[in-house]
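Here, each number is a calculation from the coordinates, and none is a lab measurement. Model, not experiment: these values are computed from the prediction. All Cβ positions, glycine included, derive from the backbone under ideal geometry; neighbour counts span all protein chains shown.
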């Protein structure tokens, strides 16, 4: 793991390079007038402004109309929020966006005109600022395709309505901190972005790695709510509430030959006393060789059953009828199931977000693996260091099976999103920690980018 230190002003969300625009004291006098509602007709959209009236949701104008056209950005209590926003817009290339789209020069002219306190000039500056903020935030929330599988389509990132974005900003306890921390994005985003802008890199590859991870962070949710994030590269799970990590734990992820996919889904229920349906390749690798070595007693001692098929109601098959050498050599595939119990590879519970890839989070009896620095041992699913702790957080109470019945499903009253992501650069206090590219996904993306640039050059 490599670490990149971030300067103090970077951690506060303030890029150190762009010059700050200081608003004159005349604005304060104008605000007293601007706080009084003005006729709606006086607030007609500015020609050429980036005002968005979306097909769905409500516009910038709707937001101001609902608040009687009172200012947001130029309130005295909101300090230098406008300056913070301008700095973000000027450095939009770090987001892969074009700064010209956000009309920073027009905003600066409007702010200077507002210094005199004219209510119409204040309103014009407000509309310019809000329009640019909305366009920028919506562009960022329109996340690029980074290979995430969206099991539940509603978790695919989409641009909120202009009014929703402005109401989120207006509801923040501190608008300057909200803007500096890019409160409409996942908390990691602003810190990774600031590290990229800072430009003090220990290795030549770090700027490109930060750019890749910024793209991935755009797929994570921002704002309020509770959800689970599994960072595959970091091999750690995080429980998130309203933009804050409330708990975390180590996890085991897929081997490089069976990688854990990037995925977004809704945890819908927990299965207590689960079976483990052994994948055919693992039956060949982990079961058949021991049957050949120890005999059929191995199956009884570990609680394995051979089943007739993969249907919901299979029959139990006599294991003596199976050609175990053919299974071990991969010439025959069979279905093997492990009964619930202390040696079951699923442990006491598994957290289900049904998907075609057969991925889920689960308990494990093999706790010794969590002491390993590199924890890539699974067939793609995610093994949890402390599954009961996750269950208590999800349900608000401990989960316990009622008797020995297998596969006791406990629905979540409100499904909770889980995001399996692949961040190889993560904020860590005053630093950014770079993790090993365990599946080669960074290398593949960088090669694709280089190839694209070469094609463009030709």
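The distance from the alpha carbon centre of segment 97-117 to that of segment 217-234 is 33 Å, rounded to a whole number. Here each label is just a point 7 Å from Cα along the line to Cβ, and for residue 246 and residue 412 those points are 1.2 nm apart. Ranking of 184, 73 by neighbouring Cβ atoms within 10 Å, starting from the fewest: 184, 73.
Could you put 1, 346 in order, starting from the residue whose Cβ has the fewest other Cβ atoms within 10 Å?
Details: 1 11, 346 22.
Fewest to most other Cβ atoms nearby, the residues stand as 1, 346.
Counting pairs of Cα atoms in segment 196-252, how many percent are more than 14 Å apart? So the pairs more than 14 Å apart make up 64 percent of the total in segment 196-252. For segment 276-338, averaging the sequence separation of C-alpha pairs within contact (under 8 Å, six or more residues apart) and dividing by the residue count gives a relative contact order of 51 percent.
Extension gain residue 339-residue 167, at 0.36 nm per residue separation less the Cα-Cα distance, in nm? Please list the in-between numbers first.
Values: separation 172, 0.36 × 172 = 61.92 nm, distance 5.17 nm.
Taking residue 339 through residue 167 to full extension adds about 56.7 nm, to one decimal.
So what's the angle, to the nearest 10 degrees on a 0 to 90 scale, between helix 441-457 and the longest Cα principal axis of the chain? Orientation of helix 441-457: about 50 degrees from the principal axis.
Taking 7 Å steps out from each Cα toward its Cβ at residue 316 and residue 100 produces label points 7.3 nm apart. Pairs of Cα atoms nearer than 8 Å and 6+ residues apart set the relative contact order; for the chain it is 19 percent. Counting only Cα atoms, the chain measures 91, 51, 38 Å along its principal axes, largest extent leading. Neighbour counting of Cβ atoms within 10 Å sorts the residues 422, 189, 395, fewest neighbours leading, into 395, 189, 422. Note on residue 448 and residue 325: the model spin-label points, each 7 Å out from Cα along the C-beta direction, lie 4.6 nm apart.
The long axis of helix 104-114 is offset from the longest Cα principal axis of the chain by roughly 40 degrees.
Over the C-alpha atoms of segment 276-338, the Rg to Rh ratio, Rh being the Kirkwood estimate, stands at 0.91. Full extension of the chain between residue 402 and residue 269 gives 46.3 nm of extra length, using 0.36 nm per residue less the Cα-Cα distance. Between the Cα long axis of helix 187-198 and the first principal axis of the chain there is an angle of about 60°, rounded to the nearest 10. Taking a ≥ b ≥ c as the square roots of the eigenvalues of the alpha carbon gyration tensor, segment 342-388 is oblate, as a/c is not under 1.5 and a/b does not beat b/c.
Computed as a quarter of the hull surface, the mean projected area of the alpha carbon convex hull for segment 189-283 stands at 8.8 nm².
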